[in-house]
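Novice: Got a structure for you, questions after.
Any read-out appearing in this document is the output of simple, stated calculations on the displayed coordinates, not a laboratory observation. Everything numeric in this text was worked out from a predicted model, so none of it was measured. No Cβ is skipped: glycine too gets one built from the backbone with ideal geometry, and neighbour counts run over all protein chains shown.
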Amino acid sequence: MKNTIYISTIICLTIVSCVTNRKIFQTERFDDLATLTIPKADKIEQGLGSIVRTPSHKISIGESIYPNKKGFNLETPKTYSRTEKGKFELETEYFYTASDSIVRVVMYEWTEIQEPDKPFGQSKTDTKKFQKKFDGLKKQLTWKLGEPSFVEIASDTAKSNFSDGIKWLSGNGNKAYLFMLGSNSTDYRKIRLAIYKE
């Protein structure tokens, strides 16, 4: 009886984690990235209950994350935030070209939910939760884009700060760069994912 309950619980948790990741891989934002516009992205985010957090100052994205081989002049990204299933604070940035409102890069960032009664950095980070999210995203991206072109995992051996990175760069479709920044000495974690098409 205990084994049945245990197996049922594992199956339910796996299904829930896949459903959360599927929102990122919706057709409007992933398969048809070349036709995703800011109005479409805004409609998707409003439907998810996101809050608009677009900054008033200029923000750019580094070439190590998005090579921008076509030299697009990207606007400050339209930015949204929401809590994801009570587990993460998710910020989504849509970098776009002003002339046609087409989204060129979608950048996701998952961070720890800050407890209001604790000073910044004083909350205990659940590192297993971040690892599970990272592994789930890797699995979904591999399913969508094939085997990664580049994998560098440093978290297993790092005594302090590390960066785990995985890139999907082959083919004519979407490209992706998934990375987790962290510190094994302080348990800090942050996951970022850039999806773009060139």
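Novice: Could you work out the local net charge near Ala98, counting Lys and Arg as +1, Asp and Glu as -1, over the other residues with Cβ closer than 13 Å to its Cβ?
Specialist: Around Ala98, the charge tally is +1.
Novice: Rounded to the nearest 20 debye, what is the charge dipole size of segment 42-198 about its Cα centre when +1 sits on each Lys and Arg Cβ and -1 on each Asp and Glu Cβ?
Specialist: So the magnitude is around 260 debye.
Novice: Sticking with this one: Which of rounded, prolate or oblate describes segment 86-198 when judged by the alpha-carbon gyration tensor and an a/c cut-off of 1.5?
Specialist: oblate
Novice: Setting aside same-chain residues fewer than 8 positions from Lys175, which lysines have a Cα under 21 Å from its Cα?
Specialist: Lys23, Lys40, Lys69, Lys70, Lys78, Lys133, Lys138, Lys139, Lys144, Lys167, Lys190, Lys197
Novice: Want the number for Phe150 to Ser170: 0.36 nm per residue separation, take away the alpha-carbon distance, what's left?
Specialist: 6.2 nm
Novice: Per residue of segment 69-75, in order, report the coupling 6.51 cos²θ - 1.76 cosθ + 1.60 (Karplus, θ = phi - 60°) as ³J(HN,Hα) in whole Hz, putting x for Gly and Pro.
Specialist: These are the phi-based 3J(HN,Hα) values: 4, 8, x, 5, 8, 8, 7 Hz.
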